[in-house]
Every structure is written in C-alpha cells, then in structure tokens.
Amino acid sequence: MVLARLLRSVGSYLAGGPNRFLAGRDLAGNAYYEYPPSHQPTSSSRHATRSRRVVKYAVERPIEEYAGSGGDAEQLPVQWKMWLRHTRADAPSLGELQEDMGRMERLKVLVEEIAERDRKEKIEAGQRRERA
C-alpha cells in the first residue's frame, strides 16, 4: 500500500503535475485521473474531502456524441465506472480488465450456442406438430 502511494506521487508529476495523477488506462486507451480532495470550504461539506475522478477519452469527440444512449460513457468498463463513482477504492488493473474481457467473450459463445439449440428445438417442435 505504501509503495502504491509512492508510485502515485511519482506518477502524478509525470502525468500532469501535482494537482492530478494518472490512476490508469483501460483496454481502449482511455486515461483515468484522480485529483486530490480540495480542502477549501464548500457548500457541501461531504464533498470537501473527496477526490475528484475523471476520464479522458482516447478519441476526442464533440460533447453531443457522449450524451444519450450508446455514448462512450456506456462503453467504459464497469470496473472503471465503479472507480469513477467512488464505489471502488482502488483502480482496476489491466490484467483484471483483460480477464473480464475474456469472460465476456466466453459468455458470448455460450449465448450463441444456446440460441442455436433453441432454434433447432423450435424447428423440431414445429415438425412434430405437423406430423400429429
């Protein structure tokens, strides 16, 4: 844990100065940054000690394209979404993201197999009804 904090400190200066540090990247190349909490008094005291987390998309687009369904925000890995919303304390690793991507690919194959089996069963059931 101490080593991770030390690496964050070094990384903060390399990734954009002392006001933010690079928490990591996802498989699509999006960069995730964390700004340290501001100790300035605000209207909402619960946010005064909370860091701000942001994503910088790999491909810059007009803001209108990010909003609505099907936008890039919906394409972010769930692990990074959790981190951005402070539901998760630590940023996900690339290994974790790759493992999850493999799991999703295996799941797609299984879903296709089930769909094919269902199509065959419907055809067989229709043929049985015709014979009866």
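Give me the distance in nm between label points sitting 7 Å out from Cα along the Cα-to-Cβ direction at GLN75 and GLU113, one decimal.
3.0 nm
Under a 1.4 angstrom probe, counting protein chains only, how are SER93, SER51 ranked by accessible area, largest first?
Greatest to least solvent exposure: SER93, SER51.
Can you give the accessible area of LYS81 in Å² (nearest 10), computed on protein heavy atoms with a 1.4 Å probe?
My reading of the accessible area for LYS81 is about 50 Å².
Please report the accessible area of ASP118 (heavy atoms, 1.4 Å probe, ligands and nucleic acids excluded) in Å², nearest 10.
ASP118 exposes around 70 Å² with every protein chain in place.
Would you kindly find the accessible area of ILE123, with a 1.4 Å probe and non-protein molecules such as ligands, DNA and RNA excluded, rounding to the nearest 10 Å²?
Counting only protein heavy atoms, the figure is 100 Å².
Once you put a point 7 Å from the Cα of ARG88 and another 7 Å from the Cα of TYR57, both along the Cβ direction, what distance in nm separates them?
Result: 2.1 nm between the two label points.
The values are calculated or read from the model by the stated rules, or taken from the named source; none is laboratory data. For clarity, every value in this text was computed on a predicted model and none was experimentally measured. Note that we place each Cβ from the backbone using ideal geometry, even for glycine, and neighbour counts take in every protein chain shown. Areas reflect the complete protein model, heavy atoms only, side chains present, ligands, DNA and RNA absent. Shrake-Rupley method; radii C 1.70, N 1.55, O 1.52, S 1.80 Å.
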